[in-house]
1. Scan the range 138-150 residue by residue and report those that are assigned to a loop (DSSP other than H, G, I, E, B) and over 11 Å from the mean Cα position of the chain (by Cα).
2. Got a number for residues in the range 21-44 being buried (at least 16 other Cβ atoms within 10 Å of the Cβ), outside any loop (DSSP other than H, G, I, E, B) and modelled with pLDDT under 85?
3. Among (1) of a type outside the set (D, E, K, R); (2) under 13 Å from the mean Cα position of the chain (by Cα); (3) surrounded by 14 or more Cβ atoms within 10 Å (Cβ to Cβ); (4) not in a strand (DSSP E or B), which single condition is residue 112 missing?
4. Being surrounded by fewer than 21 Cβ atoms within 10 Å (Cβ to Cβ) and in contact (Cβ under 8 Å) with a residue 12 or more places away in the chain narrows it down to one residue among 179, 172; which is it?
5. Give me the pairs: first residue in the range 117-128 and closer than 18 Å to residue 161 by Cβ, second residue outside any loop (DSSP other than H, G, I, E, B) and of a type in the set (A, V, I, L, M), beta-carbon distance under 6 Å, and six or more apart or on different chains, which are they?
6. Taking strands (runs of 3 or more DSSP E) that do not extend beyond the range 185-274, which have at least 1 residues that are β-branched (Val, Ile, Thr)?
7. Mind listing whichever residues of the range 126-159 are surrounded by fewer than 21 Cβ atoms within 10 Å (Cβ to Cβ) and among the hydrophobic types (A, V, I, L, M, F, W, C)?
8. Name the single residue, out of those in the range 233-258 being within 24 Å of the chain's Cα centre (by Cα) and more than 25 Å from residue 207 (Cα to Cα), that is surrounded by the most Cβ atoms within 10 Å (Cβ to Cβ).
Amino acid sequence: MSSLKELDLWMCKSLRKLPEFGKCMNQLSILSLGETAIEELPTTLGNLVGLSELDISGYDKLRSFPNIVGVLCSLSSLTYLSSLKLWGCIPESSEESTFYYNLGRLSSLTYLDLSENQFARVPMIIHELPRLTRLRLYICHYLEVLSELPSSLRELDASCCGSLNASYVNDVIPKMCRVFLESARQDDEEVLQVLIPREEIPAWFDHQEQGSSVSIPFPHNCPSTETIALALCFLLHGRTKDEVQPSVICNGKEFIKQSLFQVFFGIVSPHLFVVYLTGYYFSSLSSQENRFQMLFPSDPDYNILVQRSAARWEEDRPAATIVEDPILLCLEFCTRSNPPVTPIIPFHSNNSSSVM
C-alpha cells in the first residue's frame, strides 16, 4: 500500500467502513469517497500527507456537526491538498458555522466545491485561502450572500442559487471586476468567469444590446492596455440535458483561448455569464467598434438562448496624491507636539531714563 497513488471508491454504495490510514501511505495523492455508505471517516486521514485531491461529496453521514468537525480537523495537516469536494455534506445548522468551516489552514487549496449544501452564507474563511482560483456553489438553494472572496479567484459557479439577493448581485459584479483588475497579471491570458442567477443585466454595464452580441469601442485616451479590463455579460435562458461549453467571439474570430465554464441548467432559469478580461487580450484591438458574441454549440440537446449582451471598460486609476500645505502641516505638528506657549511680551520699566 505504500506505493498506492490513487484510490477511487466513488459510488461504492455497500462500503460502510474504511480501514485506518497508515503513515506509510504518504504517496497517495487522489482519494475519492463520494456517494458511499461510509458512516465515519477515520481520524488517520491526516496521515495522507501527500494527498492533493479529496472527494467526499454526497456523504450524508457527515451532515452531523461532530463528524464534519472531525473531518476538517484531520484535513488541516494536508498541506498539499489542492482540490476538495464537499458538496451535499455540510450541516444545515448555521449556528455552528464558525466551527465547521475551519478551512483556513489549507493554504494550497485551488479548487473548492461546496455545491448542493444548505447554508445561507459562504463561509468567511474562504477569503483567507491565498491560492483559491475555483469555487463551485451549484444548487445552493438557500444561499443569500457571498462573503468576501479572495482576489486569487478566477472561476465562480453559483448557478441555480435562486435565493441570492438581486441587489447584492448588482453590487458584487463591479466589485469582482475591480479586484480582478488590481490582482491579475496583465502580461498573461487571465480570465475571471462568473455564472450567477439574475433576471436582468445590471445597469453598471453601460453598453447593452438585445441578442447574443454587443459592440463597444476601444476606450479613448487609454495610456496603456495594462491599466484596463473588459467586463462582458450575457443573459442566458434555457435548459440543457448535459454540460455544454460556450465560446466568446470578437469580430467574427475566436477571442478567448482559455476554456470557459461548462454550463448545465437542469431547470429553466435566467442566468448571467460574466467574463472579465485583462488588457493582454486587447493589444490587437483598435479604436473601431469591436463586436463580442457568446456562442453555444448547435445541438438539439442544448436549448440555451442568449437574450441580451453587455460590456464595460474598467480602468485601474492610481490613487490621487494629496498635496498638503507645508505651513498648515507645521502648525499642526507644533500644536500636537508642544504645549501652548505663553507669548513673550517686552518688559518696560517705569523708571527707565530717556535716551539723550
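1. 138, 139, 140, 141, 142, 143, 144 - these are the residues of the range 138-150 that are assigned to a loop (DSSP other than H, G, I, E, B) and over 11 Å from the mean Cα position of the chain (by Cα).
2. Result for the range 21-44: 0.
3. It is condition (4) that residue 112 fails.
4. When all the criteria are applied, what remains is 179.
5. 121/145
6. Filter on the range 185-274 gives 191-197, 213-217, 228-240, 247-250.
7. Answer for the range 126-159, where residues must be surrounded by fewer than 21 Cβ atoms within 10 Å (Cβ to Cβ) and among the hydrophobic types (A, V, I, L, M, F, W, C): 139, 145, 149.
8. Selected residue: 244.
The values are calculated or read from the model by the stated rules, or taken from the named source; none is laboratory data. On a predicted model such as this, the values are computed, not experimentally measured, just so you know. Using ideal geometry, Cβ is built from the backbone for each residue, glycine included, and neighbour counts are taken over all protein chains shown.
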